Amino acid sequence: MQSSLIPERPLVISPTLAATIGLEEAVLLHVLTELMAHRSLQSRDGLRWVELSQQELMDALPFWALIDLRRVQKSLQELGLILLDPKGSTRDDACLYAINQRQEQGGAAPTPVSPSPAPLAQPPRAGASYIPSNWQPGEEWLRQCRQQNIPDAFVRDLVPGFVLYWRERGQARFSWGNAFFKYVLREWRAEQSRRGMAELDSEMSAHWWPSQDAMTILENAGISTGFIEDAVPEFVLYWRERGASSGAWNTRFIEHVRRQWARYSASIHHDSQPRCIPEDWQPSAECYEILRLAEIDEDFARGKVSEFVLYWRDTKQVHASWNTRFLQFIKYQWARRLVEAPNMSISHAENQSFIGKGQQEPGAALRRFTDRSWAE
């Protein structure tokens with residue numbers, strides 16, 4: 001008794017044929033044979049041709065999408081098992097199909113049309129094919145994705161959408177693996193861009209650390225690794241307290257470290273920390289250059305260094321810039337020298353305030369020798 005679960009005549013597939021040419025190919029070949037047995041045929045060149053439209057084939061194979069039908073049909077053509085003649089049909093939407101076996105006269109068994117002596121064993125020829133519904137990328141394509149640092153999970157998540165897209169388009173390709181690899185690369189770059197944009201809204205993390213690229217840029221600028229690493233906690237604390245959100249944390253860190261390094265480098269050469277004058281202190285070359293521009297004799301300035309150092313060592317005072325103090329001291333001494341010299345013009349004096357009415361009053365000489373305004 002026939003089961004209600006099988007309302008139609010079942011398809012009977014040869015296991016040997018399916019193992020030889022593929023299950024889907026065997027199904028289509030069997031259905032074509034059944035259709036040819038129940039329809040009017042045309043005989044030509046020793047072959048029997050049946051006229052079928054795509055819709056008629058779809059009705060006979062309702063479990064396949066059109067793209068699957070085209071794919072399997074093309075596979076049978078490449079195997080040399082079926083022949084198609086679109087131009088020989090009497091209908092615009094139909095095509096002539098033939099099993100590639102010549103019918104011999106006298107009831108002899110049909111023989112395949114040359115040049116294919118054993119079509120069932122013939123390997124498929126290379127060519128474009130439609131993508132199967134269960135398509136998966138080969139291991140060689142997955143390996144190429146790994147070489148681009150693309151995670152396997154990201155790659156496999158793209159497979160269903162890729163298959164669905166190309167099945168709906170119904171296009172054939174020579175290499176689906178190559179098309180998929182290019183698709184993955186585009187999606188990975190887009191994902192990286194999306195991650196970068198998403199980072200723009202992220203807050204500073206307590207465990208944030210600069211990227212390797214940022215470290216390399218700073219190290220190439222001559223900044224020591226220790227200085228860079230020491231700047232990280234301060235940078236993180238500063239931005240965490242402000243609760244700011246940004247994506248360019250590495251860029252900000254690079255700018256921060258460069259500013260800090262510039263200040264640090266400047267402090268080494270121009271220390272702003274007040275301190276006592278060293279016993280062997282000497283003015284810098286820039287200091288003498290300023291004095292030459294003021295037309296003050298360099299030998300005169302050098303001769304006053306010991307006096308200058310002795311005075312400040314005795315007072316034990318601290319200052320941030322001894323060069324500035326020395327310039328004030330020398331200009332003061334040079335101006336006094338010009339005033340006291342009877343044959344020298346005072347027009348070149350740097351400080352005219354040392355000459356005047358006060359010098360001719362009683363006690364002017366005492367005030368000149370006890371004046372320490374240059375040291376204030």
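Laboratory data are not the source of any read-out in this text; all were calculated from the coordinates shown. Since we're looking at a predicted model, the values are computed, not measured. Note that each Cβ is placed from the backbone with ideal geometry, even for glycine, and that neighbours are counted across all protein chains shown.
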Checklist entry - If the chain between ARG242 and GLN328 were fully stretched, how many nm would it gain, using 0.36 nm times the residue separation less the Cα-Cα distance? => result 26.4 nm
Checklist outcome for this item: Taking a crude spin-label model, label points 7 Å out from Cα along the C-beta direction, the VAL232 to GLU34 distance in nm is 6.9
Checklist outcome for this item: Pseudo-spin-label distance PHE154 to ARG44, built 7 Å along Cα→Cβ, given in nm, is 5.5
Next on the checklist: Multiplying the sequence separation of LEU83 and TRP209 by 0.36 nm and subtracting their Cα-Cα distance, what value in nm do you get?
Outcome noted: 38.7 nm
Next on the checklist: Are there any GluC sites (Glu not before Pro) in the range 1-93 that are in a DSSP loop and have at most 11 other Cβ atoms within 10 Å? List them by number.
Outcome noted: GLU8
Item to check | Gain in span if fully extended, SER53 to ASP92, counting 0.36 nm per residue against the direct Cα distance | outcome: 13.2 nm
Item to check | FRET efficiency, THR225 to SER265 (Cβ-Cβ, R0 25 Å, nearest 0.05) | outcome: 0.95
